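One structure below.
All of the numbers you see were taken from the coordinates with simple rules; none came from a lab. Note that the structure is a prediction, hence the values are computed from the model and not measured. We place every Cβ from the backbone using ideal geometry, glycine too, and count neighbours over all the protein chains shown.
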Amino acid sequence: MTALADVLSQRASERAQARAQLAEPPLILPGARGADLALRIITPLWTARRAWRFLFIVPLLLTGLFVVAMGVTLVQGIGAWGNNIPVAWAFGITNFVWWIGIGHAGTFISAFLLLLNQEWRNSINRLAEAMTLFALVNAGVFPILHLGRPWLAYWLIPYPATTGVWPNFLSSLPWDVAAITTYFTVSLLFWYTGLVPDLATARDAAPTRLRRQIYGIFALGWRGSGDAWRQHRIMYALLAGLATPLVISVHSIVSLDFSITQLPGWHSTIFPPFFVAGAIYSGFAMVLMLLIPVRRFFGWEDIITERHLDLCARLLLTTGLMVAYSYLCETFLAWYGGDPFERYALITNRAVGPYRWVVAAMMGCNLLVPQLLWWRRLRRSPLTLFIAATLIWAGMWCERFTIIVASLSRDFVPANWQTFHPSWVDISLLTGSIGLFALLFLAFLRWVPAVSISEMQAQQARSSGDARHG
Amino acid sequence: MPPLNSDAVRQIAADLSRRDFLALLGASMALAGVTGCVREPDEPVYPYVHPPDAGAGTDLHFATAMALDGYATGLVVRSVGGRPIKIEGNPLHPASHGAAGALHQASLLGLYDPARARAATTNGRTLNWSAALRSFSLPALRQLAGQRGAGVCLVLDPTASPVTAFLLARLRTALPDATVHFHHTIESATVLDATRMAFGQPLLPLVDLSNAATIVAIGADPLASGPWHLRHARDFGARQRSIGRVQLHVAETSPSPTGSLASNRLAAAPSVLSSVALALLDRVARQQGVAAVRVAPVTLTSMAAAWVDAAAADLLAHRRASVVVAGDQAPQDVHLAVTLLNALLDNAGHTVRYVPSPLLDAGDRSHRADVLAERLGDGGTSALIITASNPVYTAPFDLPFAAPCQRATQSLYLGDYHDETAAVTQTFLPHAHYLESWGAERAYNGVISPVQPLIAPMWSGHTVDELLAALSGDARSGLALLKACCPAAATADALRRGIVDSTEAPSHATTIRWSALPVLAPPALPRSHTIEVAFPAGGVHDGRFSGNAWLQELPDPTTKLTWDNALLLGSGTAARLGVSNGDVLELRVDRATITAPALIVPGHAEDSGSLSLGYGRRGPGTRARLIGASTAPLRRAASPFTTESVQCVVTGQQHTLAVTQQHWSIAGRASELIAGAPAKALPAPLYHGTPPGHDGFGADQWAMTIDLDLCTGCSACVVACQAENNIPVVGKTGVLHSREMHWMRIARYTGDNGNAISQPMLCQHCEDAPCEYVCPVNATVHSDDGLNEMVYNRCVGTRFCSNNCPYKVRRFNWVNYHEEMTPVDELLNNPDVTVRARGVMEKCTFCVQRLRTAQERSALAGAPRTGPVVTACQQSCPTGAIIFGSLTNPDDAVAASAADPRAFRALDSLGTRPRVHYLTRRKDPA
């Protein structure tokens, strides 16, 4: 009997040990608690190190390149790009879809997770929302830039023109315009609404009069009264409610730019969910790419903890599996459907066509790399995670490129088959848009509280309250 | 085909000639700053008090003729506001029957070429015509070159012009010892030598394909090249349409348009072609029991023997209804064998007639290159007068022109450009374009056509006739010379109809002089480690069109190569040499070398290569400078179109070739694209006539059919479309970017054995058009009469429509292609068609401007449309493969054609309901 009791107690202690091992560390480490949290987030706004200036050099140069490439495109026409017939869409739309997809993670984190009461989002939602906003700035540039006559882009907007001609609502593009402008507006409002109390904190803490004035203007006279807080919370929840369906709808509409056509490789009912999953996938990859250096640079490892990274990585893995399922589905159905054009576009052309290396990169980055994230140790290793996220981020660009360019380059009539080669302008626009993103993001880190102070404090208040009453 | 305007003819009779009117227009252009040149009006200029015809903006059509290699093709030229803007074939002319080839149509661009020479010069000094000719007056020539003109040497293009004949005879009387030479560049006189050997007199075979059930072509492309090819194609098309598939046996070196239609095709090196011709002759003679034909034993490969078997069987089964043809560039033994074959098969008098050549001095010494070489080399030339087109460039290696030009005391060149020949001659005179000239020309069968100008000479050019007259002291203009030398061609009737009646060459009764024939032996086979190189005419002919951007950018019917020539090789030879597309080869004969990139062509003969003429211009005065490889160093005057024993050395360099099609395989899609299931009865049109109160265009339902059994891929339609619809050229870089703007592309699919099928691909005007619903701004919409319309000024350029077009027939203005047009270039534009700006999509409109004109005319007349409406491509198609019209109009042939059991719609399974039907081939070549 004693032996049995020993065994049982041993088992119990083993289980307890295992539980202890599995038990999550707290979301925010003890060092990040207390009143100095606000100080730690605010102070970098006026105690920048010299290194800051050097960080701006490369993004500024790339942004300059972006501006030059845009100028060349506007002056010369789309001829400055490598596009051709049949590949009438190439880098421009690839970049558009990629950037807008990246934007999705921010809204997912800030709105979706807010409604689901996932408190861990509070450490990273400001960064993620900023990322969304800047990704959308880039995403908005390309559809206009890619027009043959960009100065007439407003014709896609339904307005009562004297010509009496309305946009064609059968086309997905006017809906695209509506979706993107809505998304940008809501994202901006959501981000700014959340920011107002923190701007007020910055105003109150700012060392110089000029800074106080600037932050004061943007803080919209926030005094932190109970009434204001109540209204703020209602507004914030409303915006979250508005933004949440957009996470699903925007990329669904973008995917219709492809699936309403009859081009093999585009013509697919799976596209809306597939695009949404891919969007959140690429977005979380970029969130991780930003979080990991930021927490290190500011020494915020206790605010944005390994637990945050772990949670993001799990979402990355989940959406990665959804994307993998979509690839599988797409390929299987192309074969199972038996349509020779579909089979060629989705199987033969991808396996042995001129863009097989892009397809291979896409498969490697998007299917194989996320499988690393099954291991908890790798999920919590910032370096591994950073590399994996970067690969997935690039892999998702390859996916957009594969869908758009590889499908277009070889469609129905073999005599029309041609390959696309990017011009220097194409490459400049891609790298330039990354540069512009980096520039905007650095400016954000430099002048805006990068972690939501108010929400962090509220979370702490709630958790300490829980502790007292618990 | 609008009727020729009779008012235009009355002008000729009246003293106020139209030329005066045009000269005035030209002068007003000069005032408008189009030209900075000094103009010398050679005739008094009066304005019209009452302009002829309906007034400004009305288009007029004039009949004229264009001579190429001496033979005329009758044309009808459309003129708007005094500007010729479109060239069509003359339905009354025997060499055209309404069709026009790519060269004829593109010659229009040459008229407006800003690079054309604009002024006469002597040793670099700009002079006027009479001053430049001062040292070439008769007294001056007599003083310089002897009283009888022994030192005078004239080099002309081969010509059949009765005016030139008269003037040349007069000049020869004045200078009896002067020598006259005709410089051939594209065809040779071997056929005349062969018929002289067979019949005792030099005669031309005049082939009538309208009665031929079996055609055997040896080294020939009868449907797409040569002076009579349009007529061949017309007759072939009519026959194929009415009777059914003609048995076509083709043995050739490089795949040709004719070869693409062959039921039995053999790829053979030039020397093997001679053996094949002799073997066929031997076989037919033995079968007929004719012992008089003596052929030395010929060894053939099994493939060649099989070809000979099939061809002989078909020929013997169709005596009197078959024909054997050899190409213009074929050697004499092939021509002889072909002549004998036609005699053995009793074809002479049925499918082939023999007529004297219309060329001046045909068969004479003056046509021989060796005689010319001797004359140029003897040093006795003190006055060298050249009117041939750029002989310094076109002449083969051992016929050097440059040195004699420089050696001559006086040299004169009448040319279109300041080219290689102008660079070595002292006096240069600008040549008038034929659309600026008065004259007369003869067709291959001898029929005389007047040449009448559509515009006053833009750059003070003069004709060969005017020069020859001036040399003998006659300062009359081209019109006066025409009236004097060939009054029959200057009558109102001749000018209206474009032909002079009863001028056809009479057929000669022929008998073969069997006893005089030698034993026919095939040529020795060339050394094994070398290749034979054939030099066919290129897309720019002999180089005279090398500055013509339409022709440079026109994809070669076979290789789809643009802006270049390349050494075409069969895949086996390429593998043996270890080269792939674009690898630069050094070709060596004796000590002469050239470099040319390789291009592998399925169906090309092994152990041989083809390098087209007309490229590699090195001289000044052409936009085509440095494009492609010059063939001259490899060619010898004795056999100018083939050179044996050419050594190929791989240089390791690369040259980028702008080929418009990357694949020849149809990728297993034949059933969807070229051999679709027969179209079921047309579904009820989605567009039903005119809604009440609408524009009234709905009564017609436009549609087109294209017969793949008749399309040779010759690409005349592509140029026709380009000219009609103001389609820009994009240059080699543009082609490399796959941005050609042609609204009509000819897809070519090749089987394993080199057989090919050409499929013209243009906007299919789908009733359920995929492009329309994706356009966000309603810029592409459907008309009530079934046209897929493009609203240029509404287009914002998303290019979504192109992505959703399964046929990929939409073209995008990537940059502002018309930005570089000079004011002279702009004269070319068709005023009925919008010149598209940067950033908008465009595509085939079914020539909507022609449809609307016809509909407006019928609306104004208050009567239903009478007569067919033709699209530009349909109008030019030599075989008549394209049929267009309204499905609802019983007079239009298209409804019946679309109901043909062979009719199918491309990619029909997509449900796009195209309005273009293809008629599949009766027998699949693959």
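Annotations
- Cβ-Cβ FRET estimate between B:Asp208 and B:Glu374, R0 fixed at 41 Å, reported to 0.05: 0.55
- For chain A, a simple Cβ point-charge model (Lys and Arg +1, Asp and Glu -1, everything else neutral) yields a dipole of about 1280 debye relative to the Cα centre.
- Per the Debye calculation on the range B:554-667 with a single equal scatterer at every Cα and no solvent contribution, log₁₀ I(q)/I(0) for q = 0.11, 0.20 Å⁻¹ amounts to -0.34, -1.15.
- Residue among B:Ala422, B:Leu344, B:Val777 farthest towards the positive dipole end of the protein assembly as shown, charges placed on Cβ: B:Val777
- Principal-axis analysis of the Cα atoms of chain A puts helix A:2-22 at an angle of about 60° to the longest axis.
- Gain on full extension, evaluated as 0.36 nm per residue between B:Ala893 and B:Ala402 minus their Cα-Cα distance, stands at 171.2 nm.
- Selected from A:Ser225, A:His104, A:Pro150, residue furthest toward positive end of dipole (the range A:84-236; charges at beta carbon): A:Ser225
- Whole-Hz couplings from phi, Karplus 6.51/-1.76/1.60, listed for the range A:449-456; x for Gly and Pro: x, 7, 10, 6, 5, 5, 6, 5
- Spread of Cα-to-Cα distances over 10 Å intervals beginning at zero, given as percent, for the range A:269-350: 17, 34, 23, 15, 9, 2
- Summing Cβ point charges (Lys, Arg +1; Asp, Glu -1) relative to the Cα centre of the range B:803-895 gives a dipole of roughly 340 debye.
- In the range B:216-295, trypsin sites (Lys or Arg not before Pro) in a DSSP loop with at most 15 other beta-carbon atoms within 10 Å: B:Arg245, B:Arg294
- Estimated from helices alone, the mean residue ellipticity of chain B at 222 nm is -7500 deg cm²/dmol (sum of -39500 (n - 2.57) over DSSP H runs with n ≥ 4, per residue).
- Taking amide H atoms as placed 1.01 Å from N in the peptide plane, the amide H of B:Leu266 lies under 5 Å from those of B:Val250, B:Ala251, B:Glu252, each 5 or more residues away in sequence or on another chain.
- Estimated purely from DSSP H runs of n ≥ 4, each contributing -39500 (n - 2.57), the mean residue ellipticity at 222 nm for chain A is -22500 deg cm²/dmol once divided by its residues.
- FRET efficiency estimate (nearest 0.05) - Cβ-Cβ, B:Leu316 to B:Thr866, R0 60 angstrom: 0.80
- With a Förster radius of 30 Å applied to the beta-carbon distance between A:Arg356 and B:Tyr792, the computed FRET efficiency rounds to 0.20.
- Backbone N atoms of the range A:268-302 closer than 16 Å to the 7 Å Cα→Cβ label point of A:Asp36 belong to residues A:298-302.
- Potential extension, B:Asp908-B:Leu525 segment - 0.36 nm per residue separation minus Cα distance: 132.8 nm
- Built amide H within the under 5 Å cut-off of A:Ser423, gap 5+: A:Gly82
- Gain on full stretching of the segment that runs from A:Thr331 to A:Ala458 - 0.36 nm per residue minus C-alpha separation: 40.9 nm
- Averaged over residues, the count of other Cβ atoms within 10 Å places the peptides A:293-299, B:756-762, A:339-345, A:455-461 in the sequence B:756-762, A:339-345, A:455-461, A:293-299, highest first.
- Note on the protein assembly as shown: Cα Rg divided by 2.2 N^0.38 Å, N the number of residues, gives 1.12.
- Placing dummy labels 7 Å off each Cα toward the beta-carbon, the span from B:Glu826 to A:Asp227 is 7.0 nm.
- Computed across the range A:57-203, the Kirkwood radius stands at 17.6 Å (inverse of mean 1/r, all Cα pairs).
- Dipole magnitude for chain B: computed about the Cα centre from +1 point charges on Lys and Arg Cβ and -1 point charges on Asp and Glu Cβ, it is near 480 debye.
- Between B:His93 and B:Gly98, the built amide H atoms are under 5 Å apart, and every one of these is 5 or more places off in sequence or on another chain.
- Inter-chain shielding of B:811-817 (mean C-beta neighbours from other protein chains, 10 Å cut-off): 5
- 3J(HN,Hα) along the range B:288-304, derived from phi through the Karplus expression 6.51 cos²θ - 1.76 cosθ + 1.60 where θ = phi - 60°, amounts to 7, x, 8, 8, 5, 7, 10, 10, 5, x, 10, 9, 10, 6, 5, 5, 5 Hz, with x in place of Gly and Pro.
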